Every structure is written in structure tokens, then in C-alpha cells.
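Here the structure is laid out as C-alpha cells; the discussion comes afterwards.
Please treat every number below as a calculation from the coordinates, not as lab data. Since we're looking at a predicted model, the values are computed, not measured. FYI the Cβ positions are ideal-geometry reconstructions off the backbone, even for glycines, and counts take in every protein chain you see.
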Amino acid sequence: MMKSGDKLVFAPCRDRSYATFEDVSNGQQVTKALNLVGLETGKKLYVEVLGILENSLLKASEINMARSEGRCQLPGGQEEVWRAAGNEPGWALVASPANEMVMLKRQGKPDISVPYAAFKTEAGVAQFEASKDNQKLAVRFEHKQCRDTMADAVYGWTATVTLNGQVLKGCAWQR
């Protein structure tokens, strides 16, 4: 996505087409998020939004992910349904139905893997809990915009991951 004059232009990955972009979100939340990562200053962004394409107009209602130094991602499908990450300490989580696991990676610590089960989603909250080998993992994603200033990115979900009582905070996005 990029700004051309006073128009926003969205070009789908691996496609030579483009669409003009209209923010139909409540309070222009999508545009505000995009500006946080550099749209207003002219940066090209990698953006994943939820919306409706009508003719050549993309009407975006929600943001899933936007970052300034991003490249086109392959869809997650059943390989990955969620990703989450945080800083200080650095960590990353992947939920994969195809691999039947949820994997938590933390800097300088062994990876934790627990059996995958579908996340329970209700009222803008997605939750998951599992245990394996005395490791208890609880995941809570709230459908609320989350900014990662270290990655220069904005995501559609906040993340709280609890491993054996240790709480990790960060951002999440659906794949």
C-alpha cells in the first residue's frame, strides 16, 4: 500500500492489479494505524486488512497487520492460524493445526510445544490453554489494535501469553 497524491493505493501481492483504498472503519481506525507505521510520510507498507472489494475500490473495515518493511506473506491456511510476538524479553508464538501444535519460542530459552486445539473465540477475545510435560501455556488475544514500535508495525490483536505463571505481552495477527 502507498499514498499517491491524496489517494491511497492498494496493490495485492503477486498481482499486477491495484485498487483505490477507502477506510470505512469506525473513526478511521485503519488509516490511523497505517499512519503510525509511515503511510502519511510516504513509506510503502505491507498491509493485511479486512474489507470488501467493489470494482476497483477496497473498502477496509479492520486491520490485521501493517508494517513498513514487510514483504508479501503466503496465507497461513491450516499451516498457521495465528502468530504473536513481543519484546523485552523477545518471544514468538505460532499456532498450527496442520502440525497439531502451538509453539512458543523465547530468546535464550528452550522452545515450548503443546498440542493444538481450536482457539475459543467470543466477544472479540480468542483464548487457548494446553499443557504438556509440566508446561502450562495459556494464550489470550484481544481484538484491539496493538503497536510494536521495535518492528515498526501495527497489528489487529493484543497478545497475552502465560507460561507457568510468567506473563508475556505483545501483539498478534491471524494468518
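Its Cα centre serving as origin, the chain has a Cβ charge dipole (Lys and Arg +1, Asp and Glu -1) of approximately 300 debye. With bins 10 Å wide beginning at 0, the percent of Cα pairs of the chain falling in each bin runs 10, 36, 32, 17, 5, 0.
Scanning residues 5 or more positions from G90 or on other chains, those with amide H under 5 Å from its amide H are Q107, with H placed 1.01 Å from N in the peptide plane. Taking Cβ atoms as reference points and 13 Å as the exclusive limit, the residues near A117 contribute a net charge of 0, counting Lys and Arg as +1 and Asp and Glu as -1.
By the count of neighbouring beta-carbon atoms within 10 Å, fewest first, E80, E88 end up ordered E88, E80. Scaling against 2.2 N^0.38 Å puts the C-alpha radius of gyration of the stretch 1-97 at 1.15. Report note on the peptides 136-146, 159-169: ranked by the mean count of other C-beta atoms within 10 Å, highest first, their order is 136-146, 159-169.
With neighbour counts taken as other beta-carbon atoms within 10 Å, the residues W157, W91 rank, fewest first, as W91, W157. For K169, the lysines whose Cα comes closer than 28 Å to its Cα, not counting residues fewer than 8 places off in the same chain, are K32, K43, K44, K105, K109, K120, K132, K136, K144. Taking the charge dipole of the chain about its Cα centre, with +1 at Lys and Arg Cβ atoms and -1 at Asp and Glu Cβ atoms, the residue from G124, A159, L53 reaching farthest to the positive side is A159. Summed over qualifying helices (DSSP H, 4 residues or more, each -39500 (n - 2.57)) and divided by its residue number, the chain shows a 222 nm mean residue ellipticity of -1000 deg cm²/dmol. A cut-off of 5 Å between modelled amide H atoms, ignoring neighbours fewer than 5 places along the same chain, links M101 with S96, Y116.
Could you tell me the ratio Rg/Rh of the stretch 109-161? Both radii from Cα atoms, Rh via Kirkwood. Kindly include the intermediate steps, with their values, before the conclusion.
On the way: Rg = 13.2 Å, Rh = 12.6 Å.
Rg/Rh for the stretch 109-161 comes to 1.04.
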